[in-house]
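Data first, discussion second: the structure below is written as structure tokens.
The values are calculated or read from the model by the stated rules, or taken from the named source; none is laboratory data. Quick caveat: nothing in here was measured; it's all calculated off a predicted structure. Here the Cβ positions follow ideal geometry from the backbone for every residue, glycine too, while neighbour counts run over all protein chains shown.
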Amino acid sequence: MAARVITVTSGKGGVGKTTATANIAVALASLGNKVVCIDADIGLRNLDVVMGLENRIVYDLVDIVEGRAKLRQAMIRDKRLKEELYLIPAAQTRDKTAVSPSDMVRVCDELRPVVDYVVIDSPAGIERGFRNAIAPADVVVIVTNPEVSSVRDADRIIGLIEAEGKGPGHLVINRVKSEMVKKGDMLSPEDIIDILAVKLIGLVPEDETILVSTNRGLPAALNTDDQSRAGVAFRNIARRITGENVPFMPMEEETGWLKRLVAKVRGAENAADKIAAGPKPSVVEPPKKEIEEERAAARLIKPVMVSDNADGKPKAEEKPSNNEPVASAPTRSAESKADSDDEKPAVVKAEPAKIEPPAPKEDEKPAESKEVNKTPAASTEKKAIL
Ligand SMILES: Nc1ncnc2c1ncn2[C@@H]1O[C@H](COP(=O)(O)OP(=O)(O)OP(=O)(O)O)[C@@H](O)[C@H]1O
Ligand SMILES: [Mg+2]
């Protein structure tokens, strides 16, 4: 076995990382994989509660790192599954520096030969805990909610992930309320994909069964009776992670934005098939300076639609956005941006996103990253929402 390490992270806190980690892990295990979850949220552990394993904790991650426990001793087995699912809980210590990125790499390297997947729950923010969580990652899953602040923070984190050489990430849009999207009161998944220019791997609806299942410590994906729509969505994500091509389920009914998204996905699949059959298109990189200038403009200038003209027609105006911390946000690599800009039409070119099956050869990883980097760029106007 050679495990794949999947880190679940986000920019903004409270978007559903822990929920996603627990459910993806349970779903991966239900598919017959041997899975270990690691709670990297030192000091604020809660993955154990969401998984319903809090009463069985004896040792934690810091005990492993500091040599008080062997890896096996700190792995809590979830006995509800006939498959093998384990949790390594976080410590509740106040010392968040007790674990370092190299400790995480070491722990995961020890797990790699004995399990199929390691799923790491990242803490909120971009501090040490975040760096710990992404250090061993082969795949980074970014969770966002369909709201501007969450998407903006996801954009920053995507920049950081790419800067660390861990990109591009795979996106989960959680808590989608299709009624609000329909009314235009919520960003649509299409808009979010355009803005963030990463591959979509999951659309999870707002679902009150999540609250109930969290309180009971029974992840929604445990139930195979399809009572929980979010549970089904998380199981679909797990299947995509294993390399299966799973269509996105309708959030409600296949109308409006979802229909367009599904059409785009299917169109992109057909296009991808054709490309796979023919010669590989070459990618022309625009000059680096242009890329940086355009990116800076996209982040600093906010086109505003104003409707109070004399003629009453809307007019596009460019006004510098004040109070714009995004200007200092990390920019994504020029290469990634170049790829993005060149491939704008294929918004969901490789959709539905599926992650390569386990055990890639070490020397194949850079190539894989580069390939997936060919995601589309958001238009300047779309970016400006951020
Ligand atoms: N799809 C969903 N539908 C309804 N509620 C959800 C959904 N996903 C998550 N929640 C709820 O959102 C809240 C936050 O979820 P969670 O703790 O997983 O977020 P988090 O990103 O891990 O937070 P933190 O950044 O604090 O670690 C929880 O109350 C959870 O039950
Ligand atoms: Mg959490």
Matching entry among GLY217, GLY165, GLY184 (being at pLDDT below 90 and surrounded by fewer than 23 Cβ atoms within 10 Å (Cβ to Cβ)): GLY184
Every residue from the stretch 8-36 that is at positive phi and either within 16 Å of ligand 2 (Cβ to nearest atom) or among the polar types (S, T, N, Q) (or both): GLY14, GLY16
Qualifying helices (runs of 4 or more DSSP H) (wholly inside the stretch 181-258; at least 1 residues being polar (S, T, N, Q), within 16 Å of ligand 1 (Cβ to nearest atom) and within 22 Å of ALA29 (Cα to Cα)): 208-216, 229-241
Residue, nearest to ligand 2 (Cβ to nearest atom), within the stretch 37-48, restricted to residues that are surrounded by 23 or more Cβ atoms within 10 Å (Cβ to Cβ) and of a type in the set (A, V, I, L, M, F, W, C): LEU47
Residues that are surrounded by 21 or more Cβ atoms within 10 Å (Cβ to Cβ), in a loop (DSSP other than H, G, I, E, B) and acidic (Asp, Glu), drawn from the stretch 133-162: ASP138
Filtered residues of the stretch 127-186 (kept if within 15 Å of ligand 2 (Cβ to nearest atom) and basic (Lys, Arg)): ARG175
Selected residue (only one of SER30, SER10, SER100 is surrounded by fewer than 17 Cβ atoms within 10 Å (Cβ to Cβ) and out of contact with any Phe, Trp or Tyr (no Cβ under 7 Å at 6 or more places or on another chain)): SER100
Qualifying position, being acidic (Asp, Glu) and over 22 Å from the mean Cα position of the chain (by Cα), among GLU244, GLU206, GLU190, GLU179: GLU179
Residue match in the stretch 154-173 (condition: over 12 Å from the mean Cα position of the chain (by Cα), within 14 Å of ligand 1 (Cβ to nearest atom) and either of a type in the set (A, V, I, L, M) or closer than 17 Å to VAL8 by Cα (or both)): no
Residue within the stretch 67-75 that is within 23 Å of THR209 (Cα to Cα), surrounded by 14 or more Cβ atoms within 10 Å (Cβ to Cβ) and modelled with pLDDT of 95 or more present: no
Residue that is surrounded by the fewest Cβ atoms within 10 Å (Cβ to Cβ) [pool: residues in the stretch 103-129 that are more than 10 Å from ILE42 (Cβ to Cβ) and at pLDDT below 95]: GLU127
Which listed residue, of ASP60, ASP78, ASP41, is under 21 Å from the mean Cα position of the chain (by Cα), charged (D, E, K, R) and under 30 Å from VAL212 (Cβ atoms): ASP41
